[in-house]
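Peer 1: Pasting a structure below so you can have a look.
The values are calculated or read from the model by the stated rules, or taken from the named source; none is laboratory data. Worth saying up front: this structure is predicted, and the values here are computed from it rather than measured. Here Cβ is always computed from backbone atoms with ideal geometry, including for glycine, and neighbour counts include all displayed protein chains. The protein model used for the area step is the full one, side chains on, heavy atoms only, and it has no ligands, DNA or RNA in it. Shrake-Rupley method; radii C 1.70, N 1.55, O 1.52, S 1.80 Å.
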4 protein chains.
Amino acid sequence: MLVVMQAHATEEQVRGVCQKIESLGYRPHPMPGATRTAIGITGNQGEVEQGTLDDMPGVQEVIRVSKPYKLVSRDVKEENTVIRFSGTAATFGGRNLAIVAGPCAIESREQAFAVAEAVARAGAQFFRGGAYKPRTSPYSFQGMGEAGLKIMAEIRDRFGMKIITEAIDNESLDLVEKYADVIQIGARNMQNFSLLKRAGRAKKPVMLKRGMSATLEEFFMAAEYIMSEGNYNVVLCERGVRTFADHTRNTLDLSIVPAVQRLSHLPIVVDPSHGTGKRNKVTPLSRASVAVGADGLIVEVHNEPDKALSDGMQSLYPEQFEELMTQVRQIAAVVGREILAIGTEAVEPVRAR
Amino acid sequence: MLVVMQAHATEEQVRGVCQKIESLGYRPHPMPGATRTAIGITGNQGEVEQGTLDDMPGVQEVIRVSKPYKLVSRDVKEENTVIRFSGTAATFGGRNLAIVAGPCAIESREQAFAVAEAVARAGAQFFRGGAYKPRTSPYSFQGMGEAGLKIMAEIRDRFGMKIITEAIDNESLDLVEKYADVIQIGARNMQNFSLLKRAGRAKKPVMLKRGMSATLEEFFMAAEYIMSEGNYNVVLCERGVRTFADHTRNTLDLSIVPAVQRLSHLPIVVDPSHGTGKRNKVTPLSRASVAVGADGLIVEVHNEPDKALSDGMQSLYPEQFEELMTQVRQIAAVVGREILAIGTEAVEPVRAR
Amino acid sequence: MLVVMQAHATEEQVRGVCQKIESLGYRPHPMPGATRTAIGITGNQGEVEQGTLDDMPGVQEVIRVSKPYKLVSRDVKEENTVIRFSGTAATFGGRNLAIVAGPCAIESREQAFAVAEAVARAGAQFFRGGAYKPRTSPYSFQGMGEAGLKIMAEIRDRFGMKIITEAIDNESLDLVEKYADVIQIGARNMQNFSLLKRAGRAKKPVMLKRGMSATLEEFFMAAEYIMSEGNYNVVLCERGVRTFADHTRNTLDLSIVPAVQRLSHLPIVVDPSHGTGKRNKVTPLSRASVAVGADGLIVEVHNEPDKALSDGMQSLYPEQFEELMTQVRQIAAVVGREILAIGTEAVEPVRAR
Amino acid sequence: MLVVMQAHATEEQVRGVCQKIESLGYRPHPMPGATRTAIGITGNQGEVEQGTLDDMPGVQEVIRVSKPYKLVSRDVKEENTVIRFSGTAATFGGRNLAIVAGPCAIESREQAFAVAEAVARAGAQFFRGGAYKPRTSPYSFQGMGEAGLKIMAEIRDRFGMKIITEAIDNESLDLVEKYADVIQIGARNMQNFSLLKRAGRAKKPVMLKRGMSATLEEFFMAAEYIMSEGNYNVVLCERGVRTFADHTRNTLDLSIVPAVQRLSHLPIVVDPSHGTGKRNKVTPLSRASVAVGADGLIVEVHNEPDKALSDGMQSLYPEQFEELMTQVRQIAAVVGREILAIGTEAVEPVRAR
């Protein structure tokens, strides 16, 4: 359910409607827009009785949202969500194309710094690297844990890039929230609803990867779990789905980018590294991702891919990433996007959460 | 890696090999068999150096296991794993066919008792019911939590059935371990490795459901996560996979039953309720599951399916479940299985863990 | 569209309605049932105008069929279709379970006779064998052609089994129609509509295999193509679909058996050989197929599987097929079916087409 | 098997090797390259005995090709295949991006001319339109047949565009070969091997669409069927595959473009209309297809999509197609491609077949 406020409604009127909603046992989600505020209503008890809110001061319309996802929907918020970070104009959403790069896993200080220097020089604004790795085998390298997070925090200080890293349970999420700028929820945890709720209570944006066989609606509902707890800064990420096709590790489904943008206000980026699983396919699919309209890329880069402890096959050499950036900048220009340097000062004030 | 002890090796010799393995920084997993003991070796540091264990007293052979799963494999343990419960001859694995039945979710004491009475009368040995429900939507009924667990514990006392229920995170697993007899890990959490490790430290058997797009190897590796922490009582459960087919909610992959039985010693049961998502397909697919050789069934039954808070469409009416049991008993006889009453006293001593 | 005649309608009245339908530019398909006749109406020009047929003598009701398939549907014909063959009580559909067995391809007279003798002795009523093989590679053995068909005709004379073999184009269909008793259309040709139409004009029953990624509706529509040309003797065959799963060659979708039986009057059999692609899975999945309610099995058997020119990996040894028959007979008894010997004289008159 | 001739080998030497191959009962496929000729050897009898051809005059090397596809492979022909047409510089393969556009089906002279005029003006070099439609339902519009082909031939005369249309069986292929410039084999017929062989004997290039669940290897093997009969002018076409995803009609697998280009010399184009099934996704996915490196696009355009007899939902309005062309030209420039006008005279002589 959705309350659309009048264009000239006062803050007090918005507050009044929110209090009424709470008093009925539901949860209000005020979403300020360019011209008016909408208030999403969520809760387990079904719908608010018709007529209860329609006549309150400042209310223009009460809309029953028939889709199962509400806060994710463009019905609730028409303008694109743009996620901003202090000290930089680089964003998720908006005109800027977000470029996230780094190794699959943080393996050592030396390795992490070597990759960070290379991707920063090539223009990456966000540094990725796994400290907690969800590995298929219990006997595989599981990540450096907090030590890895500390190395990433050092990298932020040194190179200015913002840090994105994966949380795999409540304990690691506490630490990721402390050290990183964006919390990543991996594909295998897309329906770990307990973790999604915890991420919804975090004070940092969340990058949510699509599950291996998730439909668009399930993907949206996973984001809805996060938003329903109050964290509206969610970035979606397509990373390939599982099909019968065997020429790539996964089948990258680029059609989901315009599908998401049509129905939701949330930004969506593409991961061509996991999406293909093969180094020689990452650059062509990165070009395609930008051409289709994605809001950014997340790419695996390693200084010595052949010695990587995980996902070496799909990691680019630093010089390949540089070449990728050159090509992607040109495609970006065609689709009306640009890649802002991380050092650029934000011209607009950072939105308070 | 796997150490096969001689048939006449003493307990002391087994202990000696285990201590040696630990001193090398690995973890030993002794698996006593009918004629001899095998010791699985796991650990992140790669393989134990060749020649280190071969000449120890009581060692017959040291085998390098090339498959990524070790403890799950028949190479490590040739005989079928049979999971037993105190006070009953009903088992998972062995000649007995395990019959698990109950509602999707515990909704109230009345509903739970009504279903429990019906399924107990029809011959179910295990009662299922969700207290923590992983729902696609944050606005759907999420389960009664501990109150639901308490109702199930009462049902065990009253009807004698053993209790199976799902844990969705570490917190709920603590409680499920306390109240239930078997801990269920759902399909969406099959690769929630953090939860799998916690389940591996639990003192109760675990029923692990196959993920929606999990390959056989990924399914085995998820079980390996549990076993690598020391809990060897794992029951696998096929519940349908995601395909393009739209005449059922999922596509039940019965061929995985003989595939599991060929490669692993773990029992495998089938869930035709989630596997088809349609009430009218549950009985035929239950017959097929037993015919293919499954070690048991897990079936959703509700006293008033049309009023169920979840999965009503796939829940059987009590009288349909009774008819299912009649048919399944006859198929069981053809494949050399039987369904033991839960009241039957165990003739063999319950295996200490 | 469907005209339901009154129970006591005369043949002349049925003929009258059919003539009226033809005069309107459509095609009538009279389907005599136990108590009344229904007349399916097909044609490209959309629907017959409402009111045109309602008042004709003998007409009880005119029903608009909203499903895209008409002649396939139980709406048009309530009773199961039973396909009979002269000189035997063995059928497709009905109480008898149809058992089709033989090699993937006819390789030589010696090989074919060796397999035929073995499967006949074990109780197969139908002999399969490919004379025209649709092979993935143009450089693989493509079948013996007409020479293979002649060998199969000899086998019918010698062992009494009816012959089923695949046609891959109009030319081979002409010859298959001449020599065989049932024309098989393979999975790769399920949507070769030109071939389906030709099969619809054949005077022999057609076994139609499900395409590798065909939905139930597409499967029905393929059968509708055959029936719309006047050949109502169609047997459907589930042979596994393509999914991500890699422990079998295809994923056998047994849930389609009850789904077909609910919506259609056509018989459906299962091919566990292609459905699994692995010899050791054929017998368990055959048991499951009969248990789920299939109307028959089609199984690959070879006297020397390791020397087979195609599909050796999934072909049973003759003694394995014998064992399969023993197990399947017992399951059949539980589900109210039996396997009639091919020699059995038909007690009912063979239905004229 | 593959014979690589020396750089200075004479035509007579090439002929000599071909004759030797024939005399051994195999089929030679000479493939002239920029610097040397390679001769592919195909045949059902296995491999030519080692040493038989190595010492013939002009032979540099005899290579055993281990992949199942031979003539399709870059091992046999290193340079890209470029398919040329008389009277124009527009090609499939090479620097030019091939743009194919037109309605799903030819419905009337008026409709076809209206669409043709619009797409020609926007820059399409090839006109597509179905005269024989493989429809899921026998009761749907099946195409105008030869009358439709004649309309397309008129369109070629009037607008200069080359004509591409689908053949669905041997009869329609005879007519398509007579009237059109490129013969299309549809996804449903990708493994109609009988039709592929007939197309291999045609004198016109063939556009082969990927089957709905075809792996890359199966796709290549289907092309190999055509080439093994002597027709080397094959264009591959990605048109989406069948998956569980339901936000589009099919899942467009753009990663197959670089995969094909790595392993094969054949051109590959993309069909974003069938690949998505939704009008609003055609333009973004067209941009992505060009960005990933495809050799062309095939797009459905209709003057009145809402009245289209088939596939109206995915057909662009003429003005949308114009906008698509504008965007695609810019992306093409970034990846080093251009779109040549159909009127442009070919600067190189058209390659004799």
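Peer 1: Distance between the C-alpha centers of segment C:207-285 and segment B:153-196? Whole Å please.
Peer 2: 38
Peer 1: Let me ask something additional. Would you please state which residues of segment D:277-314 a label at residue D:326 would reach in this model, taking the label point 7 Å out along Cα→Cβ and a backbone N cut-off of under 15 Å?
Peer 2: It comes to D:283-284, nothing else.
Peer 1: Related question: Would you kindly derive the ³J(HN,Hα) couplings of segment B:154-165 from the backbone phi angles with the Karplus curve 6.51 cos²θ - 1.76 cosθ + 1.60 (θ = phi - 60°), listing them in order in whole Hz, with x for Gly and Pro?
Peer 2: 4, 5, 4, 4, 6, 9, x, 5, 7, 10, 10, 8
Peer 1: Now, a different point. Pop a pseudo-label 7 angstrom from the Cα along the beta-carbon direction at both residue C:55 and residue D:86 and give the gap in nm to one decimal.
Peer 2: Result for the modelled spin labels: 6.5 nm.
Peer 1: Another question, if that's okay. What pairs in D:133/D:162; A:162/A:209; A:209/D:67; D:209/D:281 have C-alpha atoms more than 27 Å from each other?
Peer 2: Values: D:133/D:162 20 Å; A:162/A:209 18 Å; A:209/D:67 36 Å; D:209/D:281 20 Å.
Check vs 27 Å cut-off fails for A:209/D:67.
Peer 1: Relative to the first principal axis of the alpha-carbon coordinates of chain B, what is the inclination of helix B:216-228, with its axis defined by its Cα atoms, in degrees from 0 to 90 and to the nearest 10?
Peer 2: Tilt relative to chain B: about 70 degrees.
Peer 1: Whole-Hz Karplus ³J(HN,Hα) for segment B:296-309, in order, using 6.51 cos²θ - 1.76 cosθ + 1.60 and θ = phi - 60°, x for Gly and Pro?
Peer 2: Result, ordered by residue: x, 10, 10, 10, 8, 10, 9, 6, 9, x, 6, 9, 4, 6 Hz.
Peer 1: Can you pull out the buried accessible area for chains C and D, both sides counted, probe 1.4 Å, rounded to the nearest 100 Å²?
Peer 2: When C and D are taken together, about 2800 Å² of accessible area is lost.
Peer 1: Rounded to the nearest 5, what % of DSSP beta bridges with both residues in the protein assembly as shown are antiparallel?
Peer 2: About 40 percent, rounded to the nearest 5.
Peer 1: Now a separate question. Can you pull out the trypsin sites (Lys or Arg not before Pro) in segment C:40-135 whose DSSP state is coil and whose Cβ has at most 10 other Cβ atoms within 10 Å?
Peer 2: Passing both the DSSP loop test and the Cβ count: C:64.
Peer 1: Give the lysines reachable from residue C:70 as a straight Cα distance under 17 Å; neighbours fewer than 8 places away on the same chain don't count.
Peer 2: The qualifying lysines are C:197.
Peer 1: Within 10 Å of each Cβ in peptide A:192-203, how many partner chain Cβ atoms are there on average? Round it to a whole number, please.
Peer 2: What the average comes to for A:192-203 is 4.
Peer 1: Within a 10 angstrom radius of each residue's Cβ in A:161-172, how many Cβ atoms of other chains show up on average? Whole number is fine.
Peer 2: 2
Peer 1: What nm distance separates the two modelled labels at residue C:304 and residue B:304, each placed 7 Å from Cα along Cα→Cβ?
Peer 2: So the label points at residue C:304 and residue B:304 sit 7.0 nm apart.
Peer 1: What whole-number value in Å² describes the accessible area per residue of the protein assembly as shown for a 1.4 Å probe? Walk me through the intermediate numbers first.
Peer 2: Values: 49280 Å² over 1412 residues.
With the other protein chains kept in place, the protein assembly as shown gives 35 Å² per residue.
Peer 1: I want to make sure I understand the PRE zone here: with the label point 7 angstrom from the Cα of residue A:109 toward its beta carbon, which residues in segment A:149-167 have backbone N atoms less than 17 Å away?
Peer 2: It comes to A:149-159, nothing else.
Peer 1: Place the peptides A:193-199, D:47-53 in order of packing, highest mean first, counting for every residue the other Cβ atoms within 10 Å and averaging per peptide.
Peer 2: So the peptides A:193-199, D:47-53, ranked by packing, come out A:193-199, D:47-53.
Peer 1: Also, quick follow-up: Mind listing the label-point distances from residue C:313 to the same position on all other copies, shortest first, one decimal in nm, points 7 Å along Cα→Cβ?
Peer 2: 1.9, 3.6, 3.7
Peer 1: Between residue D:203 and residue D:319, what is 0.36 nm times their sequence separation minus the Cα-Cα distance? Round to one decimal in nm. Spell out each step's value before the answer.
Peer 2: On the way: separation 116, 0.36 × 116 = 41.76 nm, distance 3.55 nm.
Taking 0.36 nm per residue and subtracting the Cα distance, the gain is 38.2 nm.
Peer 1: Could you work out, residue by residue across C:275-285, how many beta carbons of other chains sit within 10 Å of that residue's beta carbon, and then give the average as an integer?
Peer 2: If you average over the peptide's residues, the count of other-chain Cβ atoms is 4.
Peer 1: Each residue of segment B:4-15 in turn: what ³J(HN,Hα) in whole Hz from Karplus with 6.51, -1.76, 1.60 and θ = phi - 60°, glycine and Pro shown as x?
Peer 2: Per-residue couplings from phi come out as 9, 7, 5, 4, 9, 5, 7, 4, 5, 5, 4, 4 Hz.
Peer 1: Follow-up. Counting only helical runs of four or more DSSP H residues, what would the 222 nm mean residue ellipticity of the protein assembly as shown come to if each run contributes -39,500 (n - 2.57) and the total is spread over all its residues?
Peer 2: -10000 deg cm²/dmol
Peer 1: Can I ask one more? With the crude spin-label approximation of a point 7 Å out along Cα→Cβ, what separation in nm comes out for residue C:174 versus residue A:22?
Peer 2: 8.4
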